[in-house]
Amino acid sequence: MPAHTFHPSGPLGGTFQVPGDKSISHRAIMFGALAVGETRVSGLLEGEDVMATAAAMRAMGAQIEKTGAEWRIHGVGIGSLLEPKAALDMGNSGTSTRLLMGLTASHAITATFIGDASLSRRPMGRVIEPLSQMGAQIEASSGGTLPLLQRGAATPVPITYRLPVASAQVKSAVLLAGLNTPGITTVIEPVPTRDHTERMLAGFGARLEVTQEAGTRIIRIHGEAELRPQHVIVPGDPSSAAFFIVAALLVPGSDLVIENVGINPTRAGLIAVLQAMGGDITLLNNREVGGEPVADLRVRHSALTGIAIDPAVAPAMIDEFPVLFVAAALAQGTTTTTGLDELRVKESDRLATMAAALTLAGARVEEHEDGLTIHGTGGDPLPGTPPGAEVATRLDHRIAMSMAIAGLVSRNGVQIDDTAPIATSFPTFLALLAEATR
Ligand code: S3P
């Protein structure tokens with residue numbers, strides 16, 4: 001448990017890139033491992049979560065290796081996954097767990113899924129329900145958690161499933177189970193969530209139709225599919241860029257360019273919210289890379305104003321609330337958030353963890369059942385953590401990185417209990433932070 005103190009910093013400047021998108025990296029490995037032939041992936045995120053997915057796909061027969069800067073994957077073909085000989089260790093990764101449960105639910109193999117203390121608390125009932133309807137047999141620990149044993153269906157049945165929670169992971173689990181299921185599997189999505197699965201499956205040649213009726217998305221996947229190997233180019237992760245965007249907005253004198261950031265509309269909610277708070281963020285060189293919209297972001301220090309955040313934007317910035325709370329703590333006036341119940345079942349309970357962390361650092365925060373209300377300092381630095389006290393990060397990478405940014409805009413620094421979780425999604429965070437604040 002390496003504790004670390006993040007000290008007040010000078011302005012952020014320069015031009016750099018953040019590592020590849022975590023969601024897209026998981027999917028590139030999974031789909032490459034299902035395509036027959038060689039898939040090449042550039043820009044893959046080499047974080048622990050994605051490596052957990054790679055290890056699982058290897059355990060089920062795929063060859064996955066890095067040559068030079070590129071990853072090469074030799075897939076086994078849909079329907080040909082091997083039964084893993086040992087438990088699949090998902091580490092801290094909810095995405096690996098839920099998507100791989102989906103993928104294996106329609107294969108006649110038995111797999112055990114295990115994970116760390118954080119992942120072992122997270123709800124899996126949301127995927128157990130639809131995958132059981134498709135014919136998988138799942139024995140979970142009490143409360144529908146890991147460790148969990150799944151017997152995949154030998155004769156899976158297609159379903160039409162209306163998502164009860166706005167979750168790209170649940171949507172993807174059902175669609176991936178649909179890949180090896182005869183007929184058409186349908187997911188109805190009342191609130192749109194990130195659409196990387198749909199975009200990339202279409203790129204790999206799956207037959208998939210997406211229609212929209214009165215704001216509801218309907219996704220149909222044709223089963224017993226064959227995927228064609230691809231060259232996947234992974235854009236920079238907007239969820240990783242978020243920490244540097246907020247840091248540059250908050251630290252006086254900052255002027256930073258982050259190149260090659262994914263700006264898929266189902267992910268770009270934070271940029272719009274920060275702009276509405278008065279943040280100076282300019283999108284440059286808008287382009288498309290590997291089927292995903294990408295831009296370079298120029299971010300300059302700005303005086304932010306607190307706002308009431310529309311809960312409808314939540315799915316498009318679901319992972320960015322911890323760092324948004326830091327921005328709100330330095331804004332002028334009050335920021336209110338509601339409709340964020342899902343934050344309670346992320347890597348940690350992000351409402352409780354951030355309320356405690358920001359309060360410890362001297363911010364004025366009220367915690368409600370479904371959101372936080374934050375009274376900002378109007379740009380003055382936060383006091384920082386008291387001597388001898390440290391922020392509890394609770395095995396949550398995004399809490400660690402958010403409070404690192406809070407440290408940059410504190411008087412006495414912010415000490416966090418553990419930087420190790422950062423490696424799940426952003427192994428180069430500390431080095432990039434040092435470079436940007438040099
Ligand atoms: C992800 C979806 C989101 C997000 C997670 C990655 C994905 O979870 O929080 O970090 O890659 O599909 P939910 O879809 O469960 O909200």
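None of the figures in this text is laboratory data; all of them are computed from the coordinates on show. Because the structure is predicted, anything quoted here is derived from the model rather than measured. When we count neighbours, we look across all protein chains shown, and the Cβ atoms used for this are built from the backbone with ideal geometry, even at glycine.
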statement: Projected onto their principal axes, the Cα atoms of the chain stretch, largest extent first, over whole-Å spans of 62, 46, 45
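Could you calculate the contour length gain from residue 430 to residue 389, that is, 0.36 nm times the residue separation minus the distance between their Cα atoms, to one decimal place in nm? All intermediate terms of the calculation are to be shown ahead of the outcome.
Numbers: separation 41, 0.36 × 41 = 14.76 nm, distance 2.12 nm.
Contour length minus the Cα-Cα distance gives 12.6 nm.
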- prompt: Label points 7 Å out from Cα along the Cβ direction at residue 368 and residue 112: separation in nm?
  reply: 4.5
- prompt: Given H placed 1.01 Å from N in the peptide plane, which residues other than close sequence neighbours of residue 204 have an amide H under 5 Å from its amide H?
  reply: none
- line: Taking Cα atoms only, helix 397-408 is inclined relative to the longest principal axis of the chain by an angle, in degrees rounded to 10, of 20
query: What's the exposure ranking of 301, 397, going from fewest to most Cβ atoms within 10 Å?
result: 301, 397
Lysines with Cα under 21 Å of residue 171, excluding same-chain neighbours fewer than 8 positions away: 22, 346
- prompt: Given labels modelled 7 Å from the Cα in the Cβ direction, how far is it in nm from residue 86 to residue 334?
  reply: 5.4
query: Most exposed first by the Cβ proxy, i.e. fewest other Cβ within 10 Å, how do 171, 85 rank?
result: 85, 171
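Once the Cβ-Cβ distance between residue 165 and residue 66 is put in as r, and R0 is 45 Å, what FRET efficiency do you end up with, to the nearest 0.05?
Values: r = 35 Å, r/R0 = 0.78.
So the FRET efficiency works out to roughly 0.80.
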- prompt: Out of residues 5 or more away from residue 148 or on other chains, whose amide H comes under 5 Å of its own, with H placed 1.01 Å from N in the peptide plane?
  reply: 113
message: With just the Cα atoms defining each centre, how far is segment 272-349 from segment 122-180? Give it in Å.
response: 31
- line: Phi angles of segment 345-350, converted by Karplus (6.51 cos²θ - 1.76 cosθ + 1.60, θ = phi - 60°) into ³J(HN,Hα) in whole Hz with x for Gly and Pro, give 10, 8, 3, 9, 6, 6
task: Pull up all non-local amide H partners of residue 232: gap of 5 or more, or a different chain, and H-to-H distance under 5 Å with H placed in the peptide plane.
output: 40, 41, 42
